[in-house]
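Enquirer: To start, I am sharing the structure in question, which I have written as structure tokens.
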Amino acid sequence: MTEARNPAIEIALLGDDGAAPASAPVDTGADGRTNRAAAVADAGKTNIFDFDRPRLERFFEEDLGEKKFRAHQVMKWIHHRYATDFADMTDLGKALRAKLEERAVVRAPQVVFDKASTDGTHKWLLGMDAKNAIETVYIPDKGRGTLCVSSQVGCALNCGFCSTATQGFNRNLSTAEIIGQVWVAARHLGNVPHQQRRLTNVVMMGMGEPLANFDNVVRAMSIMRDDLGYGLANKRVTLSTAGMVPQIDRLALESDVSLAVSLHAPFDELRTQLMPINKKYPLAELLDACVRYALRKKGESVTFEYTLMKDVNDQPEHARALIGLLRDFDRRVQMKGAAKINLIPFNPFPGTGFQRPSDEAIRAFQKLLNNAGMIAPVRRTRGDDIDAACGQLKGQVMDRTRRSAEHRKRLQAAGAGDAA
Ligand code: SF4
């Protein structure tokens, strides 16, 4: 592991007053100001990061009285050339630049620190406000570079095996805070959309349940896929959900991304123990929604994530039941391989009661799936030395109990019921 900024720093960074402690590097942001100073200066201004292309065009036409191609120029400056100062956008006239200075800002999340793993994985802790920080992880692999992006500060779904869940929930991230994670990583990597792509895939698989923050996530994913944004193909942007059924149906109508579902158990009783959301949306309803998604997307597969936990869900009866569910899915979608499965060995974190199965147990489980004709890759653990492996993202969450309770109520109203 190499520390990019300060070897002494671990995750607990933000003090009670929201300031980084003296030992932590206070980020000065892209323009040299601290986030707090920026927040004061930004009061009342629009953050351009909050806009996807249609909204930015409307902002230029309706609020600024400008032609919409000006919005396209600004998008390229921000997402292709990483400019945050309107003064640098030299193909805009002086008067427009002054108007933009007056009305808007380009404000990315604050980098509290970043760490690089010996295997090339890179993790950023990004300050979202005075009290909260989230994590974003970049995982390079043969011919591709995947960014794992967070959608909420903490998570209310309370899955029993999840490190994020232990932190509670504070709030949804804004569109700016979601796409800002991509911007920070892409700028750091020297990514040039359409030319030198170091960032080829995005997975909404970091902290939080993305479908519980639907509008902001969908808007951010549209910037990821826009040629004026990061130009990623639809199938290279994946949203991973714990199983919010109504929102899966809505996603099928409103976006064209790949779907991944955290399955983790083939039986309702066990899945409800591991993932309380299963009480509201049991396996049959969840799989029905996945079938509808795959049929609507004609020929697209759905990926099912299965975290293997020792003596919990790694036995032959679990593998056999899983095979039955996946075969049934293929039959209903009328496409062999419509259901993909990823096996993820559990990554233990302090305080968890779960354990990683032995390598033999993992191989035995995989073999049962292979013998049934299924490709079942075992996800390699990456970034273990910087706590960036799957399920280890934690960030720094100020869990205000009342806010968590209110969010749970909203989730119940939205249909996630006892899940939260
Ligand atoms: S596994 Fe995902 S949905 Fe479940 S608590 Fe963790 S972040 Fe939330």
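Enquirer: I'm trying to understand the selection: among the residues of the range 123-142, which are over 19 Å from Lys235 (Cα atoms) and either of a type outside the set (Gly, Ala, Ser) or within 9 Å of the ligand (Cβ to nearest atom) (or both)?
Expert: First pass over the range 123-142, keeping only residues over 19 Å from Lys235 (Cα atoms): 123-137.
Correct list: Lys123, Trp124, Leu125, Leu126, Met128, Asp129, Lys131, Asn132, Ile134, Glu135, Thr136, Val137.
Enquirer: May I ask you to verify whether Ala265 is within 16 Å of the ligand (Cβ to nearest atom) and free of Cβ contacts under 8 Å to residues at least 12 places away in the same chain? Spell out how you get there, then give the answer.
Expert: Working: within 16 Å of the ligand (Cβ to nearest atom): yes; free of Cβ contacts under 8 Å to residues at least 12 places away in the same chain: no.
No, not satisfied.
Enquirer: May I ask you to list the residues in the range 349-372 that are within 12 Å of Ala319 (Cα to Cα) and polar (S, T, N, Q)?
Expert: Step one: of the range 349-372, the residues within 12 Å of Ala319 (Cα to Cα) are 361-372.
Scanning the range 349-372 gives Gln366, Asn370, Asn371.
Enquirer: Moving on. Those residues that are basic (Lys, Arg) and closer than 17 Å to Thr175 by Cα, I need them from the range 41-100; list them, please.
Expert: First pass over the range 41-100, keeping only residues basic (Lys, Arg): 45, 53, 55, 58, 67-68, 70, 76, 81, 94, 97, 99.
Passing the criteria: Lys45, Arg53, Arg55, Arg58.
Enquirer: Do we have Leu253 as away from the ligand (no atom under 16 Å from the Cβ), of a type in the set (A, V, I, L, M, F, W, C) and in the same structural domain as Gly299 (by TED's automatic domain parsing) here? Can you show your working first?
Expert: On the way: away from the ligand (no atom under 16 Å from the Cβ): yes; of a type in the set (A, V, I, L, M, F, W, C): yes; in the same structural domain as Gly299 (by TED's automatic domain parsing): yes.
When the stated conditions are applied, Leu253 passes them.
Enquirer: Taking the conditions exactly as written (surrounded by fewer than 18 Cβ atoms within 10 Å (Cβ to Cβ), in the same structural domain as Thr136 (by TED's automatic domain parsing), touching a Leu at 6+ places or on another chain (Cβ under 8 Å) and over 30 Å from Leu56 (Cα atoms)), does Asp268 satisfy them or not?
Expert: Details: surrounded by fewer than 18 Cβ atoms within 10 Å (Cβ to Cβ): yes; in the same structural domain as Thr136 (by TED's automatic domain parsing): yes; touching a Leu at 6+ places or on another chain (Cβ under 8 Å): yes; over 30 Å from Leu56 (Cα atoms): yes.
Taking the combined requirement at face value, the residue satisfies it.
Enquirer: I would also like to ask the following. Name the residues in the range 236-245 that are more than 21 Å from Thr307 (Cβ to Cβ) and within 16 Å of the ligand (Cβ to nearest atom), would you? Working first, answer last.
Expert: In the first step, residues of the range 236-245 are kept if they are more than 21 Å from Thr307 (Cβ to Cβ); the result is 236-237.
None - no residue of the range 236-245 is more than 21 Å from Thr307 (Cβ to Cβ) and within 16 Å of the ligand (Cβ to nearest atom), so the list stays empty.
Enquirer: For Val312, indicate whether it is buried (at least 21 other Cβ atoms within 10 Å of the Cβ), touching a His at 6+ places or on another chain (Cβ under 9 Å) and either more than 30 Å from Thr352 (Cα to Cα) or assigned by TED's automatic domain parsing to the domain that holds Ala376 (or both). Quick ask: steps written out before the conclusion?
Expert: Details: buried (at least 21 other Cβ atoms within 10 Å of the Cβ): yes; touching a His at 6+ places or on another chain (Cβ under 9 Å): yes; either more than 30 Å from Thr352 (Cα to Cα) or assigned by TED's automatic domain parsing to the domain that holds Ala376 (or both): yes.
Against the criterion (buried (at least 21 other Cβ atoms within 10 Å of the Cβ), touching a His at 6+ places or on another chain (Cβ under 9 Å) and either more than 30 Å from Thr352 (Cα to Cα) or assigned by TED's automatic domain parsing to the domain that holds Ala376 (or both)), Val312 qualifies.
Enquirer: With respect to Val261, determine if the residue is closer than 17 Å to Leu322 by Cβ and crowded, with 20+ Cβ neighbours inside 10 Å. Break it down into steps so the answer makes sense when it comes.
Expert: Values: closer than 17 Å to Leu322 by Cβ: yes; crowded, with 20+ Cβ neighbours inside 10 Å: yes.
Yes; evaluated as a whole, the condition is true for this residue.
Enquirer: Answer yes if at least one residue in the range 212-227 is within 12 Å of the ligand (Cβ to nearest atom) and not acidic (Asp, Glu), and no otherwise.
Expert: yes
Enquirer: Do we find that Glu305 is surrounded by fewer than 22 Cβ atoms within 10 Å (Cβ to Cβ), of a type in the set (Asp, Glu) and more than 13 Å from the ligand (Cβ to nearest atom) in this structure? Let's see the steps before the verdict.
Expert: Details: surrounded by fewer than 22 Cβ atoms within 10 Å (Cβ to Cβ): yes; of a type in the set (Asp, Glu): yes; more than 13 Å from the ligand (Cβ to nearest atom): no.
Taking the combined requirement at face value, the residue does not satisfy it.
Enquirer: Can you tell me which residue in the range 241-257 is farthest from Val203 (Cα to Cα), limited to those that are surrounded by fewer than 21 Cβ atoms within 10 Å (Cβ to Cβ) and of a type outside the set (A, V, I, L, M)?
Expert: Filtering the range 241-257 for residues that are surrounded by fewer than 21 Cβ atoms within 10 Å (Cβ to Cβ) and of a type outside the set (A, V, I, L, M), the one farthest from Val203 (Cα to Cα) comes out as Pro246.
Enquirer: Ala156 versus (1) buried (at least 19 other Cβ atoms within 10 Å of the Cβ); (2) modelled with pLDDT of 95 or more; (3) over 17 Å from His188 (Cα atoms): which is the lone unmet condition?
Expert: So the condition that Ala156 fails would be (2).
Enquirer: Continuing with the same structure: Could you please let me know if Asp85 is touching a Ser or Thr at 6+ places or on another chain (Cβ under 9 Å), over 19 Å from Asp226 (Cβ atoms) and acidic (Asp, Glu)? Quick ask: steps written out before the conclusion?
Expert: Values: touching a Ser or Thr at 6+ places or on another chain (Cβ under 9 Å): no; over 19 Å from Asp226 (Cβ atoms): yes; acidic (Asp, Glu): yes.
So Asp85 fails the test.
Enquirer: Still on this structure: With the range 143-195 as the region, which strands (runs of 3 or more DSSP E) entirely inside it contain at least 3 residues that are more than 9 Å from the ligand (Cβ to nearest atom)?
Expert: Details: elements: 144-148, 152-154, 169-172.
Ranges flagged: 144-148, 169-172.
Enquirer: Another question about this same structure. Filter the range 276-313 down to the residues that are of a type in the set (D, E, K, R) and either more than 21 Å from the chain's Cα centre (by Cα) or modelled with pLDDT under 95 (or both) and list them by number. Full working, then the answer.
Expert: Initially, the range 276-313 is screened for residues of a type in the set (D, E, K, R), giving 279-280, 285, 288, 292, 296-298, 300, 305, 310-311.
Result: Lys279, Lys280, Glu285, Asp288, Arg292, Arg296, Lys297, Lys298, Glu300, Lys310, Asp311.
The values are calculated or read from the model by the stated rules, or taken from the named source; none is laboratory data. Values in this document were obtained by computation on a predicted structure and should not be read as measured data. Cβ: placed from backbone, ideal geometry, glycine included. Neighbour counts: every protein chain shown.
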